[in-house]
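Participant: This is the structure, below, for whatever I ask next.
What follows draws every value from the coordinates through simple rules; no lab data is involved. All of these numbers come straight from a predicted model, not from anything done at the bench. Don't worry about glycine lacking a Cβ; one is built from the backbone with ideal geometry, like all the others, and counts go over all protein chains shown.
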Amino acid sequence: MPHLTNSAPVLMSEPPPTPHPDAWIRPPGVIPNARLAEPPNGARVVVAGLVLIRQRPGTAKGVIFVTLEDETGICNVIVWRKLYEQFRRAVISGRCLRVTGRVQRDSGVTHVIAEHVEDISWMLDELVRSDGATTADGHSSKD
């Protein structure tokens, strides 16, 4: 007797093509996160990316650690308390940030010590609009 199953046939299709990383919108003057090993320690750089993590440990005396991701990798950003007070709204609510700061390397770990933080979340909205996708309320962005 043949083995029978209740499973229906599955139609396989190819996943949609992933855009080439050069096709993504990049803010002017921003270094890709994968190239953060190139500038010397203490060099001023500009990085940008999606906010993956915000941490404010109780033992860090008001320091905030932010992890940003772009299409090439991640970047660790340190925001000192005084700077946090100046850029509080961007640090707390930004989905995508552009950070100007100094490269710091210690024990094989690279950080960017923030000097200026800018919320560039609007660029995510532009990316969605240019893709023809739907907006948060479910409407086509071309309506």
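Participant: Could you derive backbone 3J(HN,Hα) for the range 62-67 from the dihedral phi with the Karplus parameters 6.51, -1.76 and 1.60 (θ = phi - 60°), listing whole Hz in sequence and x where the residue is Gly or Pro?
Facilitator: Ordered by residue, 3J(HN,Hα) equals x, 6, 10, 10, 10, 10 Hz.
Participant: Here's something else I'd like to know. For a protection proxy built on the mean count of beta-carbon atoms within 10 angstrom, sort 87-96, 52-61, 35-44 highest first, please.
Facilitator: Averaged packing, sorted descending, gives the order 87-96, 35-44, 52-61.
Participant: Determine the percent antiparallel among the DSSP beta bridges restricted to the range 30-131, to the nearest 5.
Facilitator: In the range 30-131, approximately 90 percent of DSSP beta bridges are antiparallel ones.
Participant: Output the Cα-based Rg and Dmax of the range 30-131 in Å, rounding Rg to one decimal and Dmax to a whole number.
Facilitator: For the range 30-131, the Cα-based Rg and Dmax read 13.3, 43 Å.
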